[in-house]
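Reviewing the structure listed below.
The numbers here are math on the coordinates, done by the rules we state, and not lab data. What you are looking at is a predicted structure, and each value in this text was computed from that prediction instead of being measured. Cβ placement follows ideal geometry from the backbone for every residue including glycine, while neighbour counts extend to all protein chains displayed.
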Amino acid sequence: MHDCHTHSLYSEDVDKQRGSSIDAMAARALEIGLASIAITDHLEIDNVGSPLHEPLDSDGIRRDVMAAKEKYAGRLNVIYGVELAQMMHKPDVTRKWLEKYRYEYVIGSTHTLRDRSLFSSPDFFDGKSDAQLKASWELYLSEVREMLTADAYDVLAHITYPIRYYYKHGKEYLIDLEHKGREQFEDILKAVINKGVALEINTSGLRQPIGVTLPNRDLAAFYYELGGRELSFGSDAHYAADIGKGLREAYRMCFDIGFRYFVVIENGIKKHYPLEKELEK
């Protein structure tokens, strides 16, 4: 199996008492029999230069990933990646950062809206009306659409990301993915296909109360019906114990839909792996 979305102690949202070093993440991946692990620590482009956030230690990440690559060579493929969020907010900063660090693999995501609203913030839902929360969801969709005009990434991450927080606060009915998901995401999924990037099946939701992948089965099936074939799978693990969790279940879900392979970006090159062989292991 290949876990193409993980976070080490370097990510700002990882608890420093519970989190793991890059070496420990790689060791855990090897222990559970993974073939590949991509280290994709958060780069929230809005935070670059902000006095409210400690700067990401990108030099330390690169050093530690390269050390892990050497240490586990021939036993585990350690991929030097990044989860690059809100790249469209600061395109010049994004370009310069990518030129400097030359990642093998870039995940594109949206966590924060332009008004600095952060869905995962404990007070995001406090005092907001249903109309305001609906507007935030619509703004999120518009920012994902905008990101699809950028060329800085290989995989589009967890396209239904905010749903897990709406669900947590009992507000999932405002989004109504069950009945309106296809309508809301049709243009986004078509743009993913036309752009040639891979759609991520993020398994973190399987470990959370919402209990589904991001996106869910219906949207993954809709992507397939529209002609989408490129998938990437990631646990979004922020702790070593979660590495690889949900991958087999997600592989099976997608194979049953009709998908026959997925992609892994290695040394900047897209490689295809048969789902059937992964399920036989």
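Observations on the model:
- Loop-located trypsin sites (Lys or Arg not before Pro) in segment 1-107 (DSSP state other than H, G, I, E, B) with a sparse environment of at most 13 neighbouring Cβ atoms within 10 Å: Lys16, Arg18, Arg75, Arg102.
- Dividing the convex hull volume of the alpha-carbon atoms in segment 128-281 by its residue count gives 124 Å³ per residue.
- Annotation: amide H of Tyr261 within the under-5 Å range of Leu275, sequence separation 5 or more or interchain, hydrogens built in the peptide plane.
- Per-residue HN-Hα couplings for segment 11-19 [Karplus 6.51, -1.76, 1.60; θ = phi - 60°; Hz; x = Gly/Pro]: 6, 4, 8, 8, 4, 5, 7, 9, x
- Going from the residue with the fewest nearby Cβ atoms within 10 Å to the one with the most, Glu99, Glu44, Glu143 rank Glu99, Glu143, Glu44.
- For segment 48-185, the dipole from Cβ point charges (+1 on Lys and Arg, -1 on Asp and Glu) about the Cα centre works out to 280 debye, to the nearest 20.
- Ranked Ile159, Ile257, Ile107, criterion: other C-beta atoms within 10 Å, fewest first: Ile257, Ile159, Ile107
- Rounded to whole Hz, the Karplus (6.51, -1.76, 1.60) HN-Hα couplings of segment 244-261, x for glycine and proline: x, 5, x, 5, 4, 4, 5, 4, 4, 4, 6, 4, 5, 5, x, 5, 10, 8
- Listed by chain and number, the aspartates and glutamates placed with their C-alpha closer than 14 angstrom to that of Lys90 are Glu44, Asp46, Asp115, Glu143, Glu146, Asp151; residues fewer than eight positions away on the same chain are left out.
- Toward the positive end of the charge dipole of the chain, with +1 on the Cβ of Lys and Arg and -1 on the Cβ of Asp and Glu, the farthest Cα among Leu214, Ala240, Tyr72 is that of Tyr72.
- Footprinting exposure proxy for Ser36, Ser129, Ser142 (fewest neighbouring C-beta atoms within 10 Å first): Ser129, Ser142, Ser36
- Ellipticity estimate at 222 nm from DSSP helix runs (n ≥ 4, -39,500 (n - 2.57)) divided over the chain, nearest 500: -11500 deg cm²/dmol
- Among beta bridges from DSSP that stay inside the chain, the antiparallel ones total about 25%.
- Inter-part distance where segment 138-159 and segment 18-89 are each reduced to a Cα centre, Å: 21 Å
- Computed magnitude of the charge dipole of the chain (debye, nearest 20; Cβ of K, R +1, Cβ of D, E -1): 520 debye
- Taken one residue at a time, the phi angles of segment 90-104 give Karplus couplings (6.51, -1.76, 1.60, θ = phi - 60°) of 9, x, 5, 5, 4, 4, 5, 5, 5, 5, 6, 9, 6, 4, 6 Hz. Gly and Pro are set to x.
- Under-5 Å amide H pairs with Asn77, H placed in peptide plane, nonlocal only: Ser36, Ile37
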